[in-house]
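Report on the following structure.
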Amino acid sequence: MSPRTPITLITGPLGSGKTTLLRHILATHPAKIAIVMKEFGEIAIDAKVIEGKNVRIAELGGGCVCCSLLGEFEAAVNEIIEKVAPEMIIVETTGLAEPEALVFNIQEALPQCRLDGVVSVIDADMLVRFPELGHTTRLQIEGADILLLNKIDLVQATQIEPLETKLRQINPTAAIVRTERCQIHPELLFGIGREKKIARPEHQHHLEFESFTFSSDKIFPRDCFERFADGLPASVIRAKGFVHFADGAQLFNFVAGRWELEPFDAERTELVFIGKRIAAKKEAILHALDECVAER
């Protein structure tokens, strides 16, 4: 009997750094890795971020990761193992996902695999600025074997220990690792050998987020786009994608008022916006983007 393929589940709230962690693993861990990932929204921005890294990627379609993904996920894993025979599989969930259902599915429906561990990435800055935890975030903390307290460079040193205490109150058994930009030795993430079993979760939908997208082949003036990013309404929790400027494309990452740009190879501007009740803001946001292009 061939050994079971280990699966590591990476979870965490929107914008906490899950894709940053994936990119770090791919750059530093010399193993044959298959990535299964899906991001909330119509454009699979995250899948594009890790293209060309010499790793097999299974990009899954839209829908609720907690429910409709289960059958599709199982089929994708079976195909990956058959065609790629990876040393390990890493699954990145959407930031809106409750991980219990996926853990149960791996445990019960994939006998050729074993769940190696659940890693939850938690944004320290968001935890300070928005201390009230939502239902999904609490489940993502509760279900983890390792908690990465990420972006500690964005908070005061005196704030870190109280954050760890808060996490331990929710999950007293998980290891907590402090990180900046998810810089962690990959060996700490793998070989956990998770043994605890979970019962079938009683799942409820929490449809609190909406999303919409923007695409353009035109070039944006950088100063106008930066003003646009500074002026995004508070209802936009997360925005990400690629923006074409005169000097090349940039990867845009926005989380609750903080944003950054970094050089990236992309052919056109593609953005996704995620937030609470942002449908009412969609027209104004898209109009502001069109105005930026018109400035050139």
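The values are calculated or read from the model by the stated rules, or taken from the named source; none is laboratory data. Quantities reported herein were computed from a predicted structural model and do not represent experimental measurements. Don't worry about glycine lacking a Cβ; one is built from the backbone with ideal geometry, like all the others, and counts go over all protein chains shown. Side chains are part of the model used for accessible areas, which takes the heavy atoms of the whole protein and leaves out ligands, DNA and RNA. Shrake-Rupley method; radii C 1.70, N 1.55, O 1.52, S 1.80 Å.
Go through (1) more than 22 Å from Gly117 (Cβ to Cβ); (2) modelled with pLDDT of 90 or more; (3) out of contact with any strand residue (DSSP E or B) (no Cβ under 7 Å at 6 or more places or on another chain); (4) not charged (D, E, K, R) for Pro172 and report which single condition fails.
(1)
Pairs under 6 Å by beta carbon, first residue over 17 Å from Glu164 (Cβ atoms) in the stretch 129-141, partner at pLDDT 90 or above, six or more apart or different chains?
As it stands, the answer is none, since no pair meets every condition given.
From the residues in the stretch 7-40 that are touching a helix residue (DSSP H, G or I) at 6+ places or on another chain (Cβ under 6 Å) and not in a strand (DSSP E or B), which one is most open to solvent (accessible area, probe 1.4 Å)?
The qualifying residue most open to solvent (accessible area, probe 1.4 Å) is Thr28.
Need pairs with beta-carbon distance below 8 Å; first residue touching a residue at least 40 places away in the same chain (Cβ under 8 Å) and basic (Lys, Arg) and within the stretch 277-288, second surrounded by 10 or more Cβ atoms within 10 Å (Cβ to Cβ) and not in a loop (DSSP other than H, G, I, E, B); sequence gap 6+ or separate chains.
Arg277/Glu210; Lys281/Val236; Lys281/Gly275; Lys282/Phe212; Lys282/Phe273
Check whether at least one residue in the stretch 107-122 is closer than 27 Å to Gln183 by Cβ, assigned to a helix (DSSP H, G or I) and open to solvent by 40 Å² or more (accessible area, probe 1.4 Å), and report yes or no.
no
Could you give every pair whose Cβ atoms fall below 8 Å, whose first residue belongs to the stretch 251-271 and is among the small types (Gly, Ala, Ser), and whose second residue is open to solvent by 50 Å² or more (accessible area, probe 1.4 Å) and not in a loop (DSSP other than H, G, I, E, B), counting only separations of at least 6 or pairs across chains?
Cβ pairs passing all conditions: Ala256/Arg129; Ala266/Lys48.
Output the number of residues of the stretch 214-261 satisfying the condition of being more than 16 Å from Gly15 (Cβ to Cβ), assigned to a strand (DSSP E or B) and of a type outside the set (A, V, I, L, M).
9
State which residue pairs qualify: first residue farther than 20 Å from Ala27 by Cα and inside the stretch 174-193, second residue open to solvent by 60 Å² or more (accessible area, probe 1.4 Å) in any location, beta carbons under 8 Å apart, and separation of 6 or more residues or different chains.
Going by the 8 Å Cβ cut-off, the qualifying pairs are Ile176/Arg168.
Here is a yes/no grid of residues against (1) over 22 Å from Leu22 (Cα atoms); (2) of a type in the set (Asp, Glu); (3) under 19 Å from the mean Cα position of the chain (by Cα):
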residue: Val103; (1), (2), (3): no, no, yes
residue: Pro131; (1), (2), (3): yes, no, no
residue: Gly134; (1), (2), (3): yes, no, yes
residue: Gln140; (1), (2), (3): no, no, yes
residue: Ala157; (1), (2), (3): yes, no, no
residue: Ile160; (1), (2), (3): yes, no, no
residue: Ile176; (1), (2), (3): no, no, yes
residue: Thr179; (1), (2), (3): no, no, yes
residue: Leu189; (1), (2), (3): no, no, yes
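Step by step: first the residues of the stretch 250-296, then only those that are open to solvent by 20 Å² or more (accessible area, probe 1.4 Å) and touching a helix residue (DSSP H, G or I) at 6+ places or on another chain (Cβ under 6 Å), then the one that is nearest to Arg238 (Cα to Cα). Which residue is that?
The residue in question is Trp259.
Got a sec? Which of Gly95, Gly52, Gly134, Gly62 is closer than 28 Å to Glu210 by Cβ and at pLDDT below 50?
Step by step, each of Gly95, Gly52, Gly134, Gly62 is checked, and only Gly62 is closer than 28 Å to Glu210 by Cβ and at pLDDT below 50.
Closer than 30 Å to Ile7 by Cα and either under 24 Å from the mean Cα position of the chain (by Cα) or at pLDDT below 90 (or both): is that true of Ile285 in this structure?
When the stated conditions are applied, Ile285 does not pass them.
Please count how many residues of the stretch 146-170 are over 15 Å from Ala256 (Cα atoms), open to solvent by 30 Å² or more (accessible area, probe 1.4 Å) and not in a helix (DSSP H, G or I).
1
Condition first: among the small types (Gly, Ala, Ser) and within 15 Å of the chain's Cα centre (by Cα). Now tell me which residues in the stretch 10-33 satisfy that.
Of everything in the stretch 10-33, those that are among the small types (Gly, Ala, Ser) and within 15 Å of the chain's Cα centre (by Cα) turn out to be Gly12, Gly15, Ser16, Gly17.
Exactly one of these conditions fails for Gln156: (1) touching a Ser or Thr at 6+ places or on another chain (Cβ under 8 Å); (2) under 24 Å from Asn253 (Cα atoms); (3) not basic (Lys, Arg). Give me its number.
(1)
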